[in-house]
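Q: One structure follows; several queries about it will come next.
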Amino acid sequence: AKQIGGAGKPDYQRGSTKGEVKNRKTPVTKPELQKMAKKDVTEVESKAGFTKPAIEYRDKYKSNIKLFQKGKIIPKKKKK
């Protein structure tokens with residue numbers, strides 16, 4: 001993976017996959033995830049995880065985005 005970073009750019013790119021890394025104590029929120037989705041980011045690694053609304057947004061509208069917490073994928077919820 002090529003490290004990029006900087007304002008408005010993904011943190012890394014591997015082929016056509018764009019990724020963001022959040023290394024902080026607070027979870028990624030739904031508005032943050034929406035901004036990343038607009039930048040065509042398809043992988044997000046967050047040390048502190050994701051808020052419930054962020055995960056629900058991904059499950060409902062952006063199922064192509066993979067969410068990771070400390071290297072482990074956060075699976076999509078199955079639709080009932």
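Throughout, read-outs are computed from the coordinates displayed, never taken from laboratory work. Please read these numbers as outputs of a predicted model, since none were measured by experiment. Neighbour counts are summed over all protein chains in view; Cβ atoms, including those assigned to glycine, are modelled from backbone coordinates with ideal geometry.
Q: GLN3 to LYS35: extension gain in nm, 0.36 nm per residue of separation minus the Cα-Cα distance?
A: That works out to 9.6 nm of additional length.
Q: At a threshold of 8 angstrom on Cα-Cα distance, excluding pairs fewer than six apart, so keeping six or more, what relative contact order does the stretch 2-73 reach in percent?
A: Computed over the stretch 2-73, the figure is 27 percent.
Q: Further question: Given 10 Å bins starting at zero, what is the percent of C-alpha pairs of the chain in each, up to the one with the largest pair distance?
A: Histogramming the chain at 10 Å steps yields 19, 56, 22, 2 percent.
Q: Taking a label point 7 Å from the Cα of LYS70 along the Cα→Cβ vector, which residues of the stretch 27-54 have an amide N closer than 12 Å to it?
A: Zone members listed by number: 47-49.
Q: Among THR42, ASN64, ALA7, which residue has its Cα positioned farthest towards the positive end of the charge dipole of the chain, with +1 placed on the Cβ of Lys and Arg, -1 on the Cβ of Asp and Glu, and the dipole taken about the Cα centre?
A: ASN64
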